[in-house]
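These notes are about the structure you will find just below.
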Amino acid sequence: MNVQMEKSWHQKLAPEFEKPYFESLTTFIRQEYASGECYPPGRLIFHAFEATPFEKVKVVILGQDPYHEPGQAHGLCFSVPEGVALPPSLRNIYSEIQSELGIVPPQSGDLNRWAKQGVLLLNTTLTVRRGEAASHQGRGWETLTDVAIQCLARDREHIVFMLWGSYAGRKSTFIDPTRHLVLTSAHPSPLSAYRGFFGNHHFQLCNDYLKAHGKEPISW
């Protein structure tokens, strides 16, 4: 398969592109994009990988699938393009950062500034049909993104994995906690943020860990 992806990630994931599940996934996604509105735009499906090359990853934040309303999804989990209203989960993320670090939240929900510092903002499912949450789950994306997480856990050292909610938390089985920092809590969604996301201190713990291992902390 001729997959256009940032070079370092392509090298890691290339074996997946030749497997039957990925061929089936590619056929399905092409049909979906041809028959109706899907997100993110095709050129941004692999944006998380483009924005944060493999060797630059210091932190992984996992989402589930892209925003499914027009103008929101642009290939980074929890992020929206400049000028788009902040979704509730992102507002709660900003609120926790302000509580922990005293950083006044920006007006912009574009998290490319995090990605450029080494924060891989990866949805486990990379596409979605307009207005239909989880419509592209179970088609093969999860297999590919699981491999991406496994490659980081196996081939890199001292990465911070932020796994919010039970779905993301299950990915901890891929990660050796003696080699990496694994942070789990409730999801920042308004439905669950008060059950353990608020007050989790993940952003402070992340930066403390990075500094302890000689890495530049993230400017949240």
TODO: Would you mind calculating the relative contact order of region 135-220 from Cα pairs under 8 angstrom and at least 6 residues apart, reporting the percent as a whole number?
DONE: 23
Task: Among Phe28, Ala73, Pro177 - extreme Cα towards positive end, dipole of the chain, charges at beta-carbon - done: Pro177
Task: region 134-220 - charge dipole about Cα centre, Lys and Arg +1 at Cβ, Asp and Glu -1, debye rounded to 20 - done: 120
TODO: For region 96-159, with all protein chains present and a 1.4 Å probe, just round the carbon and sulfur fraction of the accessible area to a whole percent.
DONE: 44
Task: Cβ charges +1 (Lys, Arg) and -1 (Asp, Glu), total dipole of region 1-134, debye - done: 240
Open item on the list: With both bridge residues required to lie in the chain, what share of the DSSP beta bridges run antiparallel, to the nearest 5%?
Closed with: 20
Task: Distance histogram in 10 Å bins (all Cα pairs of region 143-208, percent per bin) - done: 22, 49, 27, 3
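Which value, in nm² and rounded to one decimal, describes the direction-averaged projected area of the C-alpha convex hull of the chain?
Over every viewing direction, the Cα hull of the chain projects on average to 11.4 nm².
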Open item on the list: Can you give the FRET efficiency to the nearest 0.05 for Val104 and Lys215, using r as the Cβ-Cβ distance and R₀ = 22 Å?
Closed with: 0.35
- [ ] Only Lys, Arg, Asp and Glu count, each charged at its Cβ (+1, +1, -1, -1), so figure out the dipole size of region 76-220 about its Cα centre, rounded to 20 debye.
- [x] 200
TODO: Compute, for His136, the solvent-accessible surface of its heavy atoms (probe 1.4 Å) with the complete set of protein chains present, and express it in square angstrom to the nearest 10.
DONE: 0
Task: In nm, spacing of pseudo-spin labels at Glu69 and His201 (7 Å Cα→C-beta vector) - done: 3.5
Task: Length-normalised contact order for the chain - Cα pairs under 8 Å, 6+ apart - percent - done: 22
Task: Rel. contact order, % - alpha carbon contacts under 8 angstrom, at least six apart, region 65-168 - done: 28
Task: Semi-axes of the equivalent ellipsoid for region 71-183, Cα gyration tensor, largest first, Å - done: 24, 21, 12
Open item on the list: Between region 54-123 and region 190-212, how far is it from one alpha carbon centroid to the other, in angstrom?
Closed with: 14
Task: For peptides 112-122, 22-32, sequence by mean Cβ density within 10 Å, most packed first - done: 112-122, 22-32
Task: Share of alpha-carbon pairs per 10 Å distance bin for region 82-129, given as whole % - done: 22, 51, 24, 3
Task: ³J(HN,Hα), Karplus 6.51/-1.76/1.60, whole Hz, each residue of region 66-75, x for Gly, Pro - done: x, 4, 10, 10, x, x, 9, 6, 9, x
TODO: Using +1 at the Cβ of each Lys and Arg and -1 at the Cβ of each Asp and Glu in the chain, identify which of Gly63, His10, Gln98 lies farthest towards the dipole's positive end.
DONE: Gln98
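The values are calculated or read from the model by the stated rules, or taken from the named source; none is laboratory data. Values in this document were obtained by computation on a predicted structure and should not be read as measured data. Cβ: placed from backbone, ideal geometry, glycine included. Neighbour counts: every protein chain shown. We work out accessible area using only protein heavy atoms, side chains counted, and drop any ligands, DNA or RNA first. Shrake-Rupley method; radii C 1.70, N 1.55, O 1.52, S 1.80 Å.
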